[in-house]
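Each remark here refers to the structure printed beneath this line.
The values are calculated or read from the model by the stated rules, or taken from the named source; none is laboratory data. This one's a predicted model, so the numbers in the text were calculated from it and none came from an experiment. Backbone-built Cβ (ideal geometry, glycine too); neighbour counts: all protein chains shown. Side chains are part of the model used for accessible areas, which takes the heavy atoms of the whole protein and leaves out ligands, DNA and RNA. Shrake-Rupley method; radii C 1.70, N 1.55, O 1.52, S 1.80 Å.
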Amino acid sequence: MTDHNDHNSLGNPFDHRQSLIHGRHCDCHDCRHDAAASIASDSAKRDALPASSDDMMDRVVESALVRGMFGHSDMHRRQFMKLVGGGTVAAALASLFPMDAIKAAVKEDLGPLEKTELDVGFIPITCATPIIMAHPMGFYERYGLDVNVIKTAGWALIRDNSLNDTFDAAHMLSPMPLAMSLGAGSSRRSFITPAIENINGQAIVLHLDHQDKRDPQQWKGFTFGVPFEYSMHNFLLRYYVAEHGLDPDQDIQIRVIPPPEMVANLRAGNIDGFLSPDPFNQRAVYERIGFIHLLTQEIWDGHPCCAFATSATFARENPNTYGALLRAIIDATQYSSDPANRSEIAEAIAPTNYLNQPVNVIEQVLTGRFADGLGEVRDVPDRIDFDPFPWHSMAVWILTQMKRWGYIDGDVDYQQVARDVFLASEAGDVMRELGYDAPEETSRNYQIMGKTFDYTDPEAYLDSFDIRRS
């Protein structure tokens, strides 16, 4: 399953008839209306996408200024343009700002981009929110990039298309760049994670038939789905059941199932539950098939899940493009972190070419007000959050679990691998450059199910577990 997504986000920001959010192939009501209006309008031809890279950068500056005026609310922009007139607003902006000088400065500051057209793969889950919403909401274009976000069926395809350079960059599970850099589960090639996409945002879901089995010790013989072996979902599920005395390789079965297939497998009785990314946890509740047993933040509050990653080769050979792409991702991640923006984002990423989910299902995930499938409506504002900083200590913990369960063997230089793959210092520099707060340190200890993880002594932490393969 591969969808190539056209977009409207470089449309004329002064035209109230043009949405700058959804793609040209979006099938929502507003976009169908816009498409019809565009066909009927002679001005649509005059307002086509910029033809050259210079024209694109000029449009980027105009769009950024207009979006900023309206707090990135496309609805408010369109209402105002319709009321006042786009020409009037354009003239007013030109009188207030030295537009030509601003456009020239932006082009000079960014440096020449080695590539402007990029392919970025993603899995249709809410963890990918910043990577996805940066497309319809114009964050890539702000930095002069024409990004084609490609919906992909599973993580093995994301990995393989990244290894063979079909994708310039990709949405990955945070353990994947570590595994790929070590040659675990694939050929060995250096990948980097300059930004985490989301923290928290997962859940353990059980079939409604198991409402009387809330104690994990009752799960012997159960079969669970996880999206990939090299995933936080796999490692958190293993950690959780092991802390309750179950051996995840002997007492339960764990199957790899692509996220979009989780609910169907639960409905069919192929699995008893899953630890999956959203929106599929909430979709199981929506379809009255399962209930939310536990949010993963209750295992480790603030745990990483998905990441933005690319090969070290791409970053080295395309430094200006890589820098522009990273800035777009960090900008979009910070925008996603504001709860006030979540409802707007839910609408932007719901269409078929992105998540292909009901808006209210996505909203329940992003806003944290959700039905749990047990008759309760819960309010957990940080059910999912977005923080781009890739802590080295996150990588060290992941490596301990990869070794614990036999995914990597032998001696591991935890700190060096963490520094090579999770680019915390680089992310911090970009965050501060863009005006965001960033930690000065790159590692910290965590409390995971009441147990302290000391990142300075990973082998002692690993040795503290009774249930393990190594």
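Couple of notes before you dig in:
- Any hit, region 101-120, residues being among the β-branched types (Val, Ile, Thr), at pLDDT 80 or above and part of a strand (DSSP E or B): yes
- For region 405-415, the criterion of being buried (at least 19 other Cβ atoms within 10 Å of the Cβ), touching a residue at least 40 places away in the same chain (Cβ under 8 Å) and either over 21 Å from Phe235 (Cα atoms) or among the small types (Gly, Ala, Ser) (or both) is met by none of the residues.
- Answer residue from region 209-254, given it is touching a residue at least 12 places away in the same chain (Cβ under 8 Å) and basic (Lys, Arg) and is farthest from Pro279 (Cα to Cα) among those: Lys220
- Among the residues of region 176-193, those identified as in contact (Cβ under 8 Å) with a residue 40 or more places away in the chain, on the phi < 0 side of the Ramachandran plot and more than 13 Å from the chain's Cα centre (by Cα) are Met176, Pro177, Leu178, Ala179, Ser181, Leu182, Ala184, Arg189, Ser190, Phe191, Ile192.
- Of the residues making up region 192-222, those that are assigned to a strand (DSSP E or B) and in contact with a helix residue (DSSP H, G or I) (Cβ under 8 Å, 6 or more places away or on another chain) are Ile192, Thr193, Pro194, Ala195, Ile196, Asn200, Gln202, Ala203, Ile204, Val205, His207.
- Matching residues, region 168-191, being in contact with a helix residue (DSSP H, G or I) (Cβ under 8 Å, 6 or more places away or on another chain) and surrounded by fewer than 24 Cβ atoms within 10 Å (Cβ to Cβ): Asp168, Ser181, Leu182, Ala184, Gly185, Ser186, Ser187, Arg188, Arg189, Ser190
- Beta carbons closer than 8 Å, at least 6 apart along the sequence or on distinct chains, pair a first residue in region 427-450 that is without any contact (Cβ under 8 Å) to a residue 24 or more places away in the chain and under 16 Å from Ile329 (Cβ atoms) with a second that is aliphatic (A, V, I, L, M) and open to solvent by less than 50 Å² (accessible area, probe 1.4 Å) for Asp429/Ala438; Arg432/Ala438.
- Filtered by the rule that a residue be within 16 Å of Ile125 (Cβ to Cβ) and not small (Gly, Ala, Ser), region 342-351 gives Arg342, Ile345, Ile349, Pro351.
- Entirely in region 223-284, the strands (runs of 3 or more DSSP E) that have 3 or more residues that are hydroxyl-bearing (Ser, Thr, Tyr) and closer than 21 Å to Glu197 by Cα: none
- Answer residue from region 352-382, given it is among the hydrophobic types (A, V, I, L, M, F, W, C), closer than 13 Å to Thr126 by Cα and not in a loop (DSSP other than H, G, I, E, B) and is most open to solvent (accessible area, probe 1.4 Å) among those: Val359
- So Asn148, is it open to solvent by 20 Å² or more (accessible area, probe 1.4 Å) and in a strand (DSSP E or B): yes
- The set of residues from region 262-297 being of a type outside the set (A, V, I, L, M, F, W, C), surrounded by fewer than 18 Cβ atoms within 10 Å (Cβ to Cβ) and touching a strand residue (DSSP E or B) at 6+ places or on another chain (Cβ under 9 Å) comprises Asn265, Arg267, Gly269, Asn270.
- Scanning region 141-172 for residues that are of a type in the set (Val, Ile, Thr) and free of Cβ contacts under 8 Å to residues at least 60 places away in the same chain yields a total of 2.
Here is a yes/no grid of residues against (1) surrounded by fewer than 17 Cβ atoms within 10 Å (Cβ to Cβ); (2) out of contact with any Asp or Glu (no Cβ under 7 Å at 6 or more places or on another chain); (3) more than 30 Å from Ser63 (Cα to Cα):
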site: Leu163; (1), (2), (3): yes, yes, yes
site: Ala195; (1), (2), (3): no, yes, no
site: Leu206; (1), (2), (3): no, no, yes
site: Tyr230; (1), (2), (3): no, yes, yes
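- Each residue in region 298-321 was checked for being in contact (Cβ under 8 Å) with a residue 40 or more places away in the chain and open to solvent by 10 Å² or more (accessible area, probe 1.4 Å), and 10 pass.
- The set of residues in region 77-97 being modelled with pLDDT of 75 or more, surrounded by fewer than 16 Cβ atoms within 10 Å (Cβ to Cβ) and either not in a helix (DSSP H, G or I) or not small (Gly, Ala, Ser) (or both) consists of Gln79, Lys82, Leu83, Val84, Gly85, Thr88.
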